[in-house]
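Down below is the structure, laid out as structure tokens.
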Amino acid sequence: MSRTSPNIEPEVARRASPARAGRVGRQWRTVLAHLLPLALLCLFPLISSEYQVNLLAKFLVYAMLALSLDLLWGYAGILSFAHAVFFGLGAYSLALVMQYWGELPGATYLGILLAVALPSLLALFIGYAMFFRRVGGVYFAIVTFAVGAIFQSVTIVWIEFTGGLNGLYGFPNPKLGIPGVWEAELVGGPLTYYLIVAVLFLSLLFARQLVNSSFGRALRAIRTNEERVEFLGYNVPAIKLVIFVISCALAGLSGALYVPVGFVSAEIMGILFSTAAIVWVAVGGRGTLYGAILGALVVNYLQAFMSDVLVFYWFLIIGVFFILVVLILPDGVIGIAQRLYRQMRRG
Amino acid sequence: MLNFVLTSVLNGVSLAAVLILISLGLAIIFGLRGVINLAHGEFFMLGAYTVWVTENAGLPPFWAGFVLAPLVTALAGWIIERSFIQFLYRRPIETLLGTWGVSIVLRELVRIVIGPEHHYATQPITGQFELLGFSYPLYRIAIILFTAAVVALMVYLFAHTDFGLRVKATISDRGMAEAVGINTSRVDQMVFVLGAGLAGLAGAVMSPVVAINPNMGLDYFARTFLVVIIGGIGSMLGVLGGGSLIGMLEAGLSAFLKPIVAQVIVLVMAILVIRLRPQGIFGKAK
């Protein structure tokens with residue numbers, strides 16, 4: 001008996017096992033890979049302080065914003081400098097509804113509805129004007145930049161309504177439940193935290209389904225070569241419009257979730273906040289969904305644990321990050337991890 | 001009434017002049033390489049700071065800074081172009097992100113080194129222009145005349161000089177331009193430096209009439225975008241037309257509405273213009 005190569009046994013074993021079993025195994029691994037972090041997130045409030053829970057809740061909201069941006073930028077290749085506007089619109093919708101009609105039964109639901117509807121409508125308006133006129137790429141990005149800049153100044157200047165840079169405070173807390181029967185206030189703490197974890201998890205599942213569907217394949221094809229997709233008979237502007245609206249609706253929803261855990265002020269409408277979201281996605285690795293979530297958590301925890309001296313330089317660091325990411329790490333942390341993993345398997 | 005109309009018109013023209021001065025550099029760079037330099041507003045800011053710093057250093061008021069500002073920003077532009085933008089020309093979205101990083105870094109450096117306070121440079125030309133009971137600040141009129149001169153110079157530069165010929169050749173067909181011996185990478189460099197210098201010049205011109213602060217570039221920059229979008233990207237005529245239109249419109253609306261409302265109306269209009277004429281009002285259809 002002669003052995004040609006020491007590696008032959010695993011090779012044979014792999015061939016022998018039916019492909020089906022492999023797929024089932026992989027599915028199990030995927031389920032496990034999702035349930036494990038979810039379980040950890042669910043256990044977190046049991047082992048840590050209320051402050052830590054609220055902090056993580058806020059960062060998970062940011063992660064959801066990053067997720068929505070990744071759908072747009074990572075998959076369809078559409079870069080938006082106005083994503084914070086949609087997030088901010090969502091947050092302001094809920095906060096203002098609570099401020100003016102907070103005592104009415106079911107006001108929270110109206111707020112959440114508006115928090116999704118208004119960003120979607122704005123996205124529909126901008127997207128319809130741009131995509132059907134074949135305005136894309138850099139041109140689209142600078143239009144969103146102008147949109148972001150103007151929304152920012154409006155929010156800062158219109159103090160009677162938005163509270164400007166001081167923000168809104170003192171409005172009744174949003175309540176979930178059945179009005180008049182049983183309602184729970186969302187004021188931070190474990191309940192809000194679990195709600196955010198649940199919505200983020202569902203959004204992630206939704207996003208996964210979306211990008212793995214034929215629609216998702218069309219998105220990636222558009223990112224790679226728009227013209228060719230067009231020649232294949234796809235309605236490229238319509239596809240772009242749909243993903244833009246979905247992404248902005250998700251951003252608006254995350255804005256509504258932000259209300260119980262964060263501070264609603266002009267800052268969350270700003271270009272710099274949009275920039276931060278782009279950084280989260282870029283650092284985590286775009287076009288991976290998980291990278292966006294990871295990036296948001298990593299960058300925000302870095303910022304939270306930084307000493308005051310470094311916080312003074314925070315935006316300088318962000319700027320340098322931006323340049324480095326563009327020049328050296330176009331695929332982010334997940335990209336590096338994947339490269340290392342592939343090298344390890346090969347080597 | 002007539003005074004009010006005249007003042008509004010002159011306000012519009014002087015705002016238009018500034019916007020044109022800033023937009024020129026942006027549009028030239030876009031026309032040449034199809035990239036947008038998001039740090040362009042920061043060159044404007046650096047120009048204004050140069051004037052303020054030289055003035056405080058005791059150099060002859062204003063004029064020293066005025067000469068120095070475009071040189072300083074041109075140098076900054078050259079460093080940035082050489083250090084990384086030259087590697088990104090083929091990837092417009094990456095250029096956008098990278099230059100946005102530069103923009104943040106420049107803004108933050110100024111904030112950290114000089115501080116976030118507002119500063120004002122002294123006005124070199126004071127006094128009012130008066131005619132038959134109508135008066136208007138002389139310096140504002142000087143801005144309008146100066147912009148006209150710069151635009152004329154640019155037209156001459158691009159239409160009648162060897163440099164302009166090289167730039168136009170590179171824009172219309174890069175490969176062919178290289179084949180006939182034009183160093184296109186050098187053209188890229190020079191155009192970028194020219195654009196940065198123009199933005200610095202605009203900053204110097206505006207330094208006595210606006211609050212100098214680290215974020216001033218951002219304020220003007222968003223409007224500069226609208227100028228190139230409405231006017232039609234990459235053409236001199238587009239910049240002139242777009243700048244005049246936006247300047248007049250904003251000044252006209254500001255006479256009756258809050259400035260911020262005027263800006264919102266201009267933004268919505270810009271989006272509608274794109275819907276109707278994506279090539280811009282003065283651009284040629286493809």
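The values are calculated or read from the model by the stated rules, or taken from the named source; none is laboratory data. All figures in this text were calculated on a predicted structure; none of them were measured in a lab. All Cβ positions, glycine included, derive from the backbone under ideal geometry; neighbour counts span all protein chains shown.
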On the given criteria, is A:G335 at positive phi and in contact (Cβ under 8 Å) with a residue 12 or more places away in the chain? no
Any chance region A:211-229 includes a residue that's among the β-branched types (V, I, T), out of contact with any Lys or Arg (no Cβ under 9 Å at 6 or more places or on another chain) and more than 19 Å from A:A115 (Cβ to Cβ)? yes
Evaluate region A:211-226: report whether one residue or more is over 18 Å from the mean Cα position of the chain (by Cα), β-branched (V, I, T) and assigned to a helix (DSSP H, G or I). yes
Of these, A:L55, A:L104, which one is outside any helix (DSSP H, G or I), under 24 Å from A:Y169 (Cα atoms) and either more than 14 Å from chain B (Cβ to nearest Cβ) or in contact (Cβ under 8 Å) with a residue 12 or more places away in the chain (or both)? A:L104
Is there a residue in region B:86-106 that is basic (K, R), over 23 Å from the mean Cα position of the chain (by Cα) and either over 30 Å from A:F322 (Cβ atoms) or not in a helix (DSSP H, G or I) (or both)? yes
Being more than 14 Å from chain A (Cβ to nearest Cβ) and under 20 Å from the mean Cα position of the chain (by Cα) narrows B:Y120, B:Y136 down to just B:Y120
Hits in region A:272-323 - residues which are within 14 Å of chain B (Cβ to nearest Cβ), under 21 Å from the mean Cα position of the chain (by Cα) and not in a helix (DSSP H, G or I): A:R286, A:G287
Counted residues, region B:246-266 - those being at pLDDT below 80 and either in a helix (DSSP H, G or I) or closer than 18 Å to A:L122 by Cα (or both): 4
Taking the residues in region B:51-70 that are within 17 Å of B:A202 (Cβ to Cβ) and at pLDDT below 85 as candidates, determine which candidate is farthest from the other protein chains (Cβ to nearest Cβ). B:W63
Can you tell which of B:L276, B:L165 is within 14 Å of another protein chain (Cβ to nearest Cβ) and either farther than 21 Å from A:V154 by Cβ or buried (at least 24 other Cβ atoms within 10 Å of the Cβ) (or both)? B:L276
Restricting the first residue to region A:157-180 and requiring it to be in a helix (DSSP H, G or I), which pairs with a second residue that is modelled with pLDDT under 80 meet a Cβ separation below 7 Å and a spacing of at least six or different chains? A:V157/B:I260
Scanning region B:228-244 residue by residue, those under 15 Å from A:F140 (Cα atoms) and either assigned to a loop (DSSP other than H, G, I, E, B) or more than 10 Å from chain A (Cβ to nearest Cβ) (or both) turn out to be B:I230, B:G232, B:I233
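Residue by residue, here is whether (1) surrounded by 15 or more Cβ atoms within 10 Å (Cβ to Cβ); (2) more than 21 Å from A:G106 (Cα to Cα); (3) in contact with a strand residue (DSSP E or B) (Cβ under 9 Å, 6 or more places away or on another chain) holds:
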position: A:G189; (1), (2), (3): yes, yes, no
position: A:F201; (1), (2), (3): yes, yes, no
position: A:R220; (1), (2), (3): yes, yes, no
position: A:T224; (1), (2), (3): no, yes, no
position: A:V229; (1), (2), (3): yes, yes, no
position: A:K240; (1), (2), (3): yes, yes, no
position: A:A256; (1), (2), (3): yes, no, no
position: A:G262; (1), (2), (3): yes, yes, no
Checked against (1) under 30 Å from A:L96 (Cβ atoms); (2) of a type in the set (S, T, N, Q); (3) at pLDDT 90 or above, A:S213 satisfies every condition except (1)
Determine whether region B:1-18 contains at least one residue that is touching a His at 6+ places or on another chain (Cβ under 7 Å), buried (at least 22 other Cβ atoms within 10 Å of the Cβ), over 28 Å from A:Y313 (Cβ atoms) and aliphatic (A, V, I, L, M). no
Only one of B:A17, B:A48, B:A39, B:A27 that is away from chain A (no Cβ under 14 Å) and either out of contact with any strand residue (DSSP E or B) (no Cβ under 7 Å at 6 or more places or on another chain) or acidic (D, E) (or both): B:A17
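Kindly provide the set of residues from region B:202-223 that are under 21 Å from B:L145 (Cβ atoms) and under 12 Å from the mean Cα position of the chain (by Cα), ordered by number.
B:A202, B:G203, B:A204, B:V205, B:M206, B:Y220
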I'm trying to understand the selection: among the residues of region A:122-156, which are in a helix (DSSP H, G or I), more than 7 Å from chain B (Cβ to nearest Cβ) and of a type in the set (G, A, S)? A:A123, A:G127, A:G148
Do the conditions hold for B:A196, that is, is it of a type outside the set (D, E, K, R) and either surrounded by fewer than 24 Cβ atoms within 10 Å (Cβ to Cβ) or closer than 20 Å to B:R140 by Cβ (or both)? no
Matching residues, region B:71-98, being buried (at least 21 other Cβ atoms within 10 Å of the Cβ), within 9 Å of chain A (Cβ to nearest Cβ) and in contact (Cβ under 8 Å) with a residue 12 or more places away in the chain: B:T95, B:L96, B:G98
Those residues of region B:99-117 which are within 7 Å of another protein chain (Cβ to nearest Cβ) and touching a residue at least 60 places away in the same chain (Cβ under 8 Å) amount to B:W100, B:V102, B:E108
Pair list, Cβ under 7 Å, 6 or more apart: region A:108-132 residue over 21 Å from A:I78 (Cβ atoms), other residue of a type in the set (K, R): A:T108/A:K175
Got at least one residue in region B:39-51 being among the hydrophobic types (A, V, I, L, M, F, W, C), more than 15 Å from the chain's Cα centre (by Cα) and not in a helix (DSSP H, G or I)? no
